[in-house]
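Before we start, here is the structure in question, set down as structure tokens.
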Amino acid sequence: MEGGADTVKALVYNGPRDVAVSEVAEPRIERPADAVVQIIRTNICGSDLHMYEGRTDIEPGRVLGHENMGRVVEVGQAVEQVKVGDMVCLPFNIACGHCQNCERGHTNYCMVANPDPRVAGAAYGFAGMGPWNGGQAEYLLVPWADFNCLRLPDDAVEKQNDYVMVADIFPTGYHATEMAGVGPGDSVVIYGAGPVGLMAAYSSILKSASKVMVVDHSHPDRLGLAEKIGAIPIDDSTSSPVDQVLEQTGGVGADCGCECVGYQAHDPQGREHPNETLNELVRSVRFTGSIGTVGVYVPADPRGPDELARQGEVAFDFGLFWTKGQRMGTGQCPVKAYNRHLRDLIHLGKAKPSFIVSHELPLTDAPAGYQHFDARDNGWTKVVLAPAA
Ligand code: ZN
Ligand code: ZN
């Protein structure tokens, strides 16, 4: 087309704490199984901040955004089930559907979607997860569209801020509770009251846990939301969170623990300790309890606070972990393992994960959204972008 019309607006990473809405090449069908999706809702995620802060090796020029939902506008010749006009939610994991790991349901570790043979797993707009552009943009290229698109029912637009949470944080929080073995009647402690921690708390409550405790620094907005959904907020800036959890559980510790903070865990004074939440979880969870770790840890952190962290190693209290006979599940969430069920809970009115949304912004305001979310400004609990607005 003449006149330079084949560009679209997208949020581009230019360097540490420097993102901008720029014109980029319009996504086009490249392979027969591709689809192009017009993005209706796309979130800023806590894990986008690792890239925003320059703590990864993502290259300037990449479009960020891995929590996406929208309308299919074009499909390749090999796409059979997904049709133009379908409303879809895209798992943040990009998976081929037919490699060894995908066949076993481990779509979080697809061996094909990431061209680096040393790494399994791919995602939209994410450091180390393949060359794919993200969806904080007007349009997104979706590979292996039949496998990756979750089609949404006729309330897709009405509940768009709920369904977009099914791309990542709702399944990721749910996955933490699955790895932690949360079931009816269990007590659960969750470290981190960010969006994923709140979704882990919400998932625990959906699973009829008897007591759900959420630990964070004195963020009144985040801890307030935890309390609002029926969890017990634990402020670790006033006294030891471990002592508070033990007091809540008769001195025994919680049955289940979820790590929803990751390697940039820091004390109330802002100093980073990558081992802090992991060791507090070992002490907060009972003997033989299970821990699900979905907070991000990295094999190397070149700008980490000390030599150990720079090598990607963590001073983990393995002795106490072993002595207590605990188990731990790790890694990114296989979104496809849960997204249909979570979609159906939303459709039938049994779940409303949009309770965490604090800001809904047009794409042009995305840079300001990053700034506020990165600063953990009070009240900025979750930012949803609306590129089609
Ligand atoms: Zn995310
Ligand atoms: Zn695969």
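Read-outs throughout are calculated quantities, based only on the coordinates presented, and are distinct from any laboratory measurement. The structure presented is a predicted model; accordingly, all values stated were derived computationally and were not measured. As a convention, Cβ positions derive from the backbone with ideal geometry for all residues, glycine included, and neighbour counts pool all protein chains shown.
Rounded if a/c is under 1.5, else prolate if a/b beats b/c, else oblate: with a ≥ b ≥ c from the C-alpha gyration tensor eigenvalues square-rooted, which is the stretch 43-137?
Cα axes put the stretch 43-137 in the oblate bin.
So for VAL242, VAL294, fewest C-beta neighbours within 10 Å to most, what's the order? Walk me through the numbers before you get to the answer.
Values: VAL242 20, VAL294 30.
In order of increasing Cβ crowding within 10 Å: VAL242, VAL294.
Sticking with this structure for a sec: Treat the count of other C-beta atoms within 10 Å as a stand-in for reagent exposure and order GLU103, GLU307, GLU280 from fewest to most. Working shown, then result.
Values: GLU103 11, GLU307 8, GLU280 24.
The most exposed by this proxy come first: GLU307, GLU103, GLU280.
Taking the Cβ of GLY251 as the center, what net charge do the other residues with Cβ under 15 Å away carry, scoring Lys and Arg +1 and Asp and Glu -1? Before the final figure, lay out the partial values.
Details: positive: LYS211, ARG283, ARG286, LYS324; negative: ASP243, GLU247, ASP255.
My count for the surroundings of GLY251 gives +1.
Starting from the Cα of LYS228, step 7 Å along the direction of its Cβ; do the same at SER240; then give the gap between the two resulting points in nm.
3.3 nm
Just to check I understand the Karplus step: with θ = phi - 60° and J = 6.51 cos²θ - 1.76 cosθ + 1.60, what whole-Hz values come out for the stretch 29-46, glycine and proline as x?
4, 10, 10, x, 8, 7, 9, 10, 10, 7, 7, 9, 9, 8, 9, 8, 10, x
Moving on. Can you check what the net charge comes to around HIS273, using other residues whose Cβ is under 11 Å from the Cβ of HIS273 (Lys, Arg +1; Asp, Glu -1)? Mind showing how you got there, number by number?
Working: positive: ARG271; negative: ASP267, GLU272, GLU276, GLU280, ASP306.
Result for the neighbourhood of HIS273: -4.
OK, next. Can you tell me which of 38-47, 348-357 comes out highest on packing, and rank the rest after it, using the mean Cβ neighbours within 10 Å? Display every interim value, and only then the final one.
Details: 38-47: 25.4, 348-357: 17.1.
Packing order, densest peptide first, comes out as 38-47, 348-357.
A further question on this structure: Mind scanning LYS324/LYS350; LYS350/LYS382; LYS159/LYS382; LYS207/LYS352; LYS9/LYS228; LYS228/LYS350 and naming the pairs with a C-alpha gap bigger than 25 Å? Walk me through the numbers on the way to the answer.
Numbers: LYS324/LYS350 36 Å; LYS350/LYS382 21 Å; LYS159/LYS382 16 Å; LYS207/LYS352 15 Å; LYS9/LYS228 37 Å; LYS228/LYS350 16 Å.
Over 25 Å Cα-Cα: LYS324/LYS350; LYS9/LYS228.
Now for a separate question. So for the chain: antiparallel DSSP bridges make up what percent, rounded to the nearest 5? Intermediate results must be reported in sequence, preceding the final value.
On the way: 32 of 58 bridges.
So the antiparallel bridges amount to about 55 percent of the total.
List the residues whose amide H sits under 5 Å from the amide H of VAL12, counting only those 5 or more places along or on another chain, with H placed 1.01 Å from N in the peptide plane.
ALA20, VAL21, SER22
Another question, if that's okay. Taking the dipole about the Cα centre of the stretch 102-190, with the C-beta of Lys and Arg at +1 and of Asp and Glu at -1, give me whichever of ALA127, ILE190, ALA156 is farthest to the positive side.
Sorting the options by dipole projection puts first ALA127.
What net charge do the residues around PHE355 carry, taking every other residue with its C-beta under 13 Å from that of PHE355, with Lys and Arg at +1 and Asp and Glu at -1? Present the calculation step by step, with values, prior to reporting the outcome.
Working: positive: LYS159, ARG222, LYS228, LYS352, LYS382; negative: ASP162, ASP221, GLU227.
After counting each charged neighbour, the total is +2.
Figure the gain on full extension for GLU26 and ASN14 (residue separation times 0.36 nm, minus the Cα-Cα span) and round it to one decimal in nm.
Working: separation 12, 0.36 × 12 = 4.32 nm, distance 1.87 nm.
Difference between extended and current length: 2.4 nm.
Okay, next question. Determine, for TRP322, TRP380, TRP144, the number of other Cβ atoms within 10 Å of each Cβ, and report the residues in order from fewest to most.
Working: TRP322 10, TRP380 18, TRP144 22.
Going from least to most buried by this count: TRP322, TRP380, TRP144.
Return the sequence-ordered ³J(HN,Hα) values of the stretch 224-234 in whole Hz as given by the Karplus equation 6.51 cos²θ - 1.76 cosθ + 1.60 applied to θ = phi - 60°, using x for Gly and Pro.
Once θ is set to phi - 60°, the couplings for the stretch 224-234 become x, 5, 4, 5, 4, 8, x, 8, 9, x, 10 Hz.
Taking square-rooted eigenvalues a ≥ b ≥ c of the alpha carbon gyration tensor, is the stretch 255-371 rounded, prolate or oblate, where a/c under 1.5 means rounded and, failing that, a/b exceeding b/c means prolate?
On the way: a/c = 2.31, a/b = 1.27, b/c = 1.82.
Oblate is the answer for the stretch 255-371, as a/c is 1.5 or above yet b/c matches or exceeds a/b.
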